[in-house]
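Attaching a single structure in structure tokens format; questions to follow.
The values are calculated or read from the model by the stated rules, or taken from the named source; none is laboratory data. Given the structure is predicted, the values throughout are model-derived calculations rather than measurements. So basically every Cβ, Gly included, is an ideal-geometry build from the backbone, and we count neighbours across all protein chains shown.
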Amino acid sequence: MKILARWHPLAALAVAGLAILGLAPTTVDDDPFIWLEDVQGEKALSWAKEESAKTTKVFEAQPEYEPIYKRTLEILDSKEKIPTPELFGDTVYNFWKDDVHPRGIWRRTTLASYRTANPQWETVLDIDALAKAEGKSWVFHGATCLPPANERCMIDLSPGGSDTHVSREFDTKTKQFVPKGFELPEAKSSTAWRDIDTLWVGTDFGPDSMTTSGYPRIVKLWKRGTPLADAKTIYEGKAEDVASSGETEILPDGRWDVIRRAPAFFRQEMFILQGDKLPRPAAPLAAQRLDGGREDLPGGVLTFRLARRTRARAAQARGALRAECSGFARGRGQHAGSRPAPNARQREEPPGVPVAREQRQLAEGRDSDARNRQRGAVGDE
């Protein structure tokens, strides 16, 4: 108590107040709810299931519940939804759910077809059919594909929709999983292609290989045909970090092996691998990649959050610059062109939003074209 009082008088007052109320801080040894820390433990999961059932019962008893539930389900299953595009070269991929495909289908079409009122979709992977065939409640967690052909992908499938997933190599040409291909067991893993026979991988390699946040701490390169245990360690982050990962960027100014370390959720360091050496971070902690690998932007676009402290106040300024990876690899950023100051909305946008906006604009443009054609058809009548 004396230590707290010396640190801050209000702290001592707060602790005293809690003690009066019978809410004094407890230690791990006498915390009656410490078992909830075991988030995958049988007792914690059973308790969560029981409490969820109680809450659901309360909700279902409300007169508003049934109409809201039905209307929400109609929206989620509507065939009028705009299919969010993901561009792989000239091919548009989309993951789609409806009443016929509750688990969803991963499908594709050409860019020209996508821009029409009724795109001709080709199913690449049916998650409902896969779940039925394998007896697993698979939930699609996404795909990481190798450019430029994008024929080989790592498919992430979560059993039941948890944070963890298995990762399996998939061939988009044959629309089949690759026999004896790359495959990772269930974990909070990250994968990225270096080339057709090499995979960047971060996963649960055993004790002390994950961060305290539960994500990969160690980044390795895994060669095809070799055991995962033989994968070469490239980088090790700190246990208190959020995560670390590896990837290969193919850009106009070269091919770059990149290591990313996230010491906090909105902060990261980026290292560019040079042979077997990792120089000092190529981008500062607050830098974030925005372009998502766009080939028309040399070296990519990074935003920087610049902290500036004065006696009177702490102010933050944000700017953007276009930086050549080759300059970063030499330990300095090369300013290849200034960009306009961001507007109020842009200042609040998290990393990745510009890419998402471009995809949304493509989708909205297709939908707008379709509506204009329909209006034209009505007018011609």
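Restricting the range 187-223 to residues that are of a type in the set (Val, Ile, Thr) and assigned to a strand (DSSP E or B), which is farthest from VAL242 (Cα to Cα)?
The selected residue is THR198.
Could you give every pair whose Cβ atoms fall below 7 Å, whose first residue belongs to the range 161-177 and is on the phi > 0 side of the Ramachandran plot, and whose second residue is assigned to a strand (DSSP E or B) and among the β-branched types (Val, Ile, Thr), counting only separations of at least 6 or pairs across chains?
GLY161/VAL139; LYS175/VAL124
Can you find even one residue in the range 111-119 that is outside any loop (DSSP other than H, G, I, E, B) and buried (at least 18 other Cβ atoms within 10 Å of the Cβ)?
Yes, the range 111-119 contains at least one residue that is outside any loop (DSSP other than H, G, I, E, B) and buried (at least 18 other Cβ atoms within 10 Å of the Cβ).
Could I ask something else about it? Which residue is farthest from the chain's Cα centre (by Cα), if the candidates are limited to the range 196-244 and must be within 19 Å of ASP163 (Cα to Cα) and of a type in the set (S, T, N, Q)?
If we take residues in the range 196-244 being within 19 Å of ASP163 (Cα to Cα) and of a type in the set (S, T, N, Q), then SER209 is farthest from the chain's Cα centre (by Cα).
Has the range 130-138 got any residue that is of a type in the set (Lys, Arg), over 20 Å from GLY246 (Cα atoms), surrounded by 14 or more Cβ atoms within 10 Å (Cβ to Cβ) and in contact (Cβ under 8 Å) with a residue 60 or more places away in the chain?
Filtering the range 130-138 down to residues of a type in the set (Lys, Arg) leaves 132, 136.
Remaining after also requiring over 20 Å from GLY246 (Cα atoms): 132, 136.
From what's left, surrounded by 14 or more Cβ atoms within 10 Å (Cβ to Cβ): 136.
Among the residues that remain, those that are also in contact (Cβ under 8 Å) with a residue 60 or more places away in the chain are: none.
No, the range 130-138 contains no residue that is of a type in the set (Lys, Arg), over 20 Å from GLY246 (Cα atoms), surrounded by 14 or more Cβ atoms within 10 Å (Cβ to Cβ) and in contact (Cβ under 8 Å) with a residue 60 or more places away in the chain.
Still on this model: For the range 245-255, state whether one or more residues are surrounded by 15 or more Cβ atoms within 10 Å (Cβ to Cβ), part of a loop (DSSP other than H, G, I, E, B), of a type in the set (Val, Ile, Thr) and within 17 Å of the chain's Cα centre (by Cα).
Checking the range 245-255: not a single residue is surrounded by 15 or more Cβ atoms within 10 Å (Cβ to Cβ), part of a loop (DSSP other than H, G, I, E, B), of a type in the set (Val, Ile, Thr) and within 17 Å of the chain's Cα centre (by Cα).
For the range 141-163: of the residues being in a strand (DSSP E or B) and farther than 15 Å from TRP200 by Cα, which is modelled with the lowest pLDDT?
PRO159
Of everything in the range 164-179 that's polar (S, T, N, Q) and under 30 Å from GLN40 (Cα atoms), which residue is modelled with the highest pLDDT?
So the residue we want is SER167.
Out of all the residues in the range 101-125, which are in contact (Cβ under 8 Å) with a residue 60 or more places away in the chain and hydroxyl-bearing (Ser, Thr, Tyr)?
TYR114, THR116
Going by the structure shown, is ALA192 of a type in the set (A, V, I, L, M, F, W, C), under 20 Å from GLY41 (Cα atoms) and without any contact (Cβ under 8 Å) to a residue 60 or more places away in the chain?
no
Yes or no: LYS136 in a loop (DSSP other than H, G, I, E, B), farther than 22 Å from GLY225 by Cα and basic (Lys, Arg)? Quick ask: steps written out before the conclusion?
Values: in a loop (DSSP other than H, G, I, E, B): yes; farther than 22 Å from GLY225 by Cα: yes; basic (Lys, Arg): yes.
When the stated conditions are applied, LYS136 passes them.
So which residues in the range 63-85 are part of a helix (DSSP H, G or I) and farther than 25 Å from THR110 by Cα?
TYR65, GLU66, PRO67, ILE68, TYR69, LYS70, ARG71, THR72, LEU73, GLU74, ILE75
Take TYR93 and decide whether it is surrounded by fewer than 16 Cβ atoms within 10 Å (Cβ to Cβ) and either part of a strand (DSSP E or B) or among the hydroxyl-bearing types (Ser, Thr, Tyr) (or both).
For TYR93, the condition - surrounded by fewer than 16 Cβ atoms within 10 Å (Cβ to Cβ) and either part of a strand (DSSP E or B) or among the hydroxyl-bearing types (Ser, Thr, Tyr) (or both) - is not met.
Do we have any residue at all in the range 164-174 that's assigned to a loop (DSSP other than H, G, I, E, B) and under 15 Å from the mean Cα position of the chain (by Cα)?
yes
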